[in-house]
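Derivation of every value follows stated rules applied to the coordinates shown; laboratory data play no part. What you see is a predicted model; the values in this text were computed from it and never measured. So basically every Cβ, Gly included, is an ideal-geometry build from the backbone, and we count neighbours across all protein chains shown.
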Amino acid sequence: MSFSQEVEPAAVLIGRVTNRFHAVSESLSASMSTASCAGEAADECRDNAAALRVKMVAFAAILAAGVAGVALPLVGRKRRLLRTDGGVFMCAKALAAGVILATGFVHMLHDAESALTSACLPAFPWRRFPFPGFVAMVAALGTLVLDFIATQFYERKHREEVADMRAAAVAAAATTSAEEEEETGITVVLSISQESESESESSIEKNPLLVTHHHNHGHGEGEEPPSHVRHVVVSQILELGIISHSVIIGLSLGVSQSPCTIRPLAAALSFHQFFEGFALGGCISQAQFSHLASALMACFFAVTTPAGIAAGAGVASSFNANSPRALVVEGLLDSVSAGILIYMALVDLIAADFLGRRFTGDVRLQVASYVALFVGAGAMSILAIWA
């Protein structure tokens, strides 16, 4: 065999790889195009002036629904009806969890599938590989890792601060006891220790991470930390997941110039924002943050979707929602949001409550909560017919 015959297959292989690389590059370049899709159908209901008026109504309605939803469990946590350990609250939270689960599976994942399999995008790689499900899976696993790291961080911080408080209480008791013995000759270690412990508990109650210390004096290194430490993590990650898709849906509504599309979408988003807000507000309430921290988290949630609507309305005239680039970005972000919401709904809302001690032995609460869960998931799924 000659040298030229040996080199020829290698050259052919390199040529094939180069051609494939060029094909992938051209496909990705086409995906990043901002030109309108050639197959885009004309919208018979397009009316910019009417769409702007409907957007203003949608802005107000969604803002009001978000504020009401997130504020209800925060304002009512001191009242008997909406206490975080009450049956009404548990049922309402189960309803909200069903809404969030359906949002991830039925709305966000479906929208991602529609965007990333659009005929406007090149067949390779977008229709050759199930990107929506894959990205959602990666996002869910990433949320798991973040959930684990954050929980470990807060548990360690809780243990360290409890240990510091106990050490300070013991030192204060010893110092005060010595002073009392010098002045009166009477040992009052027991009473002084109790007073110092009381002062320690008062300081702990001001710290949201230590608020349950006085109920867990026997907490050791090998025991579970108070449940509210877990709620701290859940509330923060849930807010992250909700906000990530709230921006997307707000922008989608804001850039639309079709009143026929905006009206049902506004109604669906108002329903959606109220119950998502209730779930988030319940987690914030259970985490026992300070009033300022609770208010900031609630406000940040409430204004995200309206801010997205305002931003979308501002760029509606120049933004092309049907360009390949817009479809890719929207599809990937929807997939990420779907993965986060599905994980949070199943793991941190549904499993945490339905498999927890609160449900044990209470058949009425179990039945009511399951009904609420399925009603919430079903109602949000039905809304997919219109939006």
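When the P(r) is computed for the range 44-141, the part past 23 Å accounts for 57% of the Cα-Cα pairs. Each label was represented as a point 7 Å from its Cα along the Cα-to-Cβ direction; for Leu52 and Ala174 these points are 7.4 nm apart.
What FRET efficiency, computed as 1/(1 + (r/R0)^6) with R0 = 30 Å and r the Cβ-Cβ distance, is obtained for Phe134 and Arg156, rounded to the nearest 0.05? Computed FRET efficiency for Phe134 and Arg156: 0.35. Once Lys and Arg get +1 and Asp and Glu get -1 on their Cβ, which of Leu292, Val329, Gly312 lies farthest toward the positive end of the dipole of the range 251-362? Of the options given, the answer is Gly312.
Applying 0.36 nm per residue to the separation of Leu240 and Val315 and subtracting their alpha-carbon distance, the gain on full extension is 24.5 nm.
Need one word for the range 224-292: rounded, prolate or oblate. Basis is the Cα gyration tensor (sqrt eigenvalues a ≥ b ≥ c); a/c below 1.5 gives rounded, then a/b vs b/c decides.
Since a/c reaches 1.5 and a/b is larger than b/c, the shape of the range 224-292 is classed as prolate.
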